[in-house]
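K.L.:
Submitted below is the structure of interest, expressed as C-alpha cells.
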Amino acid sequence: MPRDTNAHGTIFGGYILSLIDQAGAIAGHGLGAGTLVTVAMDKVEFKAPVHVGDIVTCWAKVVRIGRTSVTACVRVVAQSPVALARGEKERDVTQAEVVYVNIGDDGRPTPLRT
C-alpha cells in the first residue's frame, strides 16, 4: 500500500520487520504458546528490495524452545507477478531469528504449554 512505500517505489524496511515479527509469532503459537512478546530480532540484512506489487512470502520455523521462550527463524522472499507468470524464481529479501517470551496475564514470563 502507498503508506508502506518510499519515494523509490519500494517497501519500507520497517514494514518487512513487522511481517517477520508476525510470522515468527504465528510459528510460536503453533506450539501452544499463549501471549508472546518479542524480546529480540537477530541482524536483518536486506539482500533485495520489495517493489510495489510484489508478492511477499514469509516462511517461519521454530528453531529453539526454552522454558518460557521460543525462537523462530523467518525467511522473507518476494516475486513480481510478471516473473511468477513466466515461471521465474522468487528472490531472497532477508532472514532473521526472532526470540519471543510467553507471558501470563500478569505480564510476567510463564512456561510454555508444549
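Coordinate-derived values only; no laboratory data. Not measured: the values here are computed from a predicted model. Every residue, glycine among them, receives a Cβ derived from its backbone with ideal geometry; neighbour counts consider all protein chains shown.
K.L.:
Between (i) 8.1; (ii) 6.7; (iii) 9.1, which entry matches mean projected area of the Cα convex hull in nm² as derived from the coordinates of this structure?
P.N.:
Read-out from the structure maps to (i).
K.L.:
Using a cut-off of under 19 Å, list every residue of the range 59-79 whose amide N is near the label point 7 Å from the Cα of ARG113 along the Cα-to-beta-carbon line.
P.N.:
65-71
K.L.:
Could you give the length gained on full extension between LYS47 and LEU31, defined as 0.36 nm per residue of separation minus the Cα-Cα distance, in nm? Could you put the intermediate results ahead of the total?
P.N.:
Working: separation 16, 0.36 × 16 = 5.76 nm, distance 3.02 nm.
Stretched out fully, the LYS47 to LEU31 stretch lengthens by 2.7 nm.
K.L.:
Once the Cβ-Cβ distance between ASP4 and LYS89 is put in as r, and R0 is 22 Å, what FRET efficiency do you end up with, to the nearest 0.05?
P.N.:
Working: r = 24 Å, r/R0 = 1.10.
Rounded to the nearest 0.05, the efficiency is 0.35.
K.L.:
Something else now. Note the full-extension length gain between THR38 and VAL56 as 0.36 nm times their separation in residues minus their Cα-Cα distance, in nm to one decimal. Working shown, then result.
P.N.:
On the way: separation 18, 0.36 × 18 = 6.48 nm, distance 2.18 nm.
Extending this stretch completely gives an extra 4.3 nm.
K.L.:
Next question. Starting with the fewest neighbours, write out ARG91, ARG108, ARG3 ranked by other beta-carbon atoms found within 10 Å of each beta-carbon. List each step's numbers first, then the result.
P.N.:
Working: ARG91 15, ARG108 9, ARG3 6.
So the ranking, lowest neighbour count to highest, is ARG3, ARG108, ARG91.
K.L.:
OK, next. Which value, in debye to the nearest 20, gives the size of the charge dipole of the chain about its Cα centre, when Lys and Arg are +1 and Asp and Glu are -1 at the Cβ? Before the final figure, lay out each step's value.
P.N.:
Details: 12 positive and 11 negative charges, 51 e Å.
The calculated dipole for the chain is roughly 240 debye.
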